[in-house]
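Read through the structure below, which is laid out as structure tokens, and then see the notes.
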Amino acid sequence: MRRILNMPFGYKLILPYVLCLLLAVGTVGGFAYTNSVNSLKEKTRENIQGTLQQMRDNIRYHTDNIERISNMLYYNYSLQNALRRYDQGWYSYETMTKTLMPALENLLNYTGSNIGLSVYLQNDSLSEVFYYDNGQNPLLSTKRYEIFHLKRIEAEAWYRELRLSETMAGQRFWRQILRDEANGNISLLERMDDVQRGKSIGMIRIRCRSAICWTPWITVKLAATAHCVWLMEPAGWS
């Protein structure tokens, strides 16, 4: 203390100046550092949002294309009229060859991607059309349609869990069913209605490759009002 009191007067004048200078430098430096960190965070956030927006747009482009195909089938009133007929013989053959099969063939031509279009019909007077794949994924090489009777899947656990009879008209589900997970596919499932009569007449299933309809092997779901991302393995949302 004596040494401080005995300091030369010039040093005593310099000391407050040095303290003020250090305080000013510290304040400016702290402000510059904080501003730099905040700017970096904001830039990183904008870059991430841009990347996620691009991913979402890419996913939406492919899913919208699949959903448009489902809409075209769902609102095909001439097809619905034909499926009301439970006549056997010539009428059944005419419905298949002149209405149902051409309609499905035209929908396949609507997209350049390989998809699998399956309809499950309550009308069992119509013949089934399907293929045997021997465990291979047909979407790797071709696109095609198949026709089944609904009773084939009514006892399946995944079908009962959908509770399609309780869903709203036009409600869709993206699910991995049957061999989808093993083949790297995902399916769009929707109840098929007779719109004019408000009656269910079957189910629509459209398969596509997960790596095409979604991001490769991982699905990204973006919250509509938040900057949050959920990553999904094939088993479900996490």
Got a sec? Which of ARG172, ARG191 is within 26 Å of ARG60 (Cβ to Cβ), touching a helix residue (DSSP H, G or I) at 6+ places or on another chain (Cβ under 9 Å) and touching a residue at least 60 places away in the same chain (Cβ under 8 Å)? ARG172
Could you run through the stretch 36-64 and say how many residues are closer than 19 Å to SER187 by Cα and of a type in the set (A, V, I, L, M, F, W, C)? 1
Flagged in the stretch 119-138 as closer than 17 Å to SER210 by Cα and either assigned to a strand (DSSP E or B) or at pLDDT 90 or above (or both), in numbering order, are none
Any chance ARG144 is open to solvent by 60 Å² or more (accessible area, probe 1.4 Å) and either of a type outside the set (A, V, I, L, M) or within 27 Å of the chain's Cα centre (by Cα) (or both): no
Residues of the stretch 172-198 being out of contact with any strand residue (DSSP E or B) (no Cβ under 7 Å at 6 or more places or on another chain) and either part of a strand (DSSP E or B) or among the charged types (D, E, K, R) (or both), in sequence order, are ARG179, GLU181, ARG197
Have a look at ASN71, ASN76, ASN114 and point out the one that is of a type in the set (S, T, N, Q), out of contact with any Phe, Trp or Tyr (no Cβ under 6 Å at 6 or more places or on another chain), under 24 Å from CYS208 (Cα atoms) and surrounded by fewer than 17 Cβ atoms within 10 Å (Cβ to Cβ). ASN71
Mind checking which residues of the stretch 151-171 are out of contact with any strand residue (DSSP E or B) (no Cβ under 9 Å at 6 or more places or on another chain) and open to solvent by less than 90 Å² (accessible area, probe 1.4 Å)? ALA155, GLU156, ALA157
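The values are calculated or read from the model by the stated rules, or taken from the named source; none is laboratory data. Keep in mind that this is a model prediction, so the values were computed, not measured. No Cβ is skipped: glycine too gets one built from the backbone with ideal geometry, and neighbour counts run over all protein chains shown. Note: areas computed on protein heavy atoms with side chains; ligands, DNA, RNA excluded. Shrake-Rupley method; radii C 1.70, N 1.55, O 1.52, S 1.80 Å.
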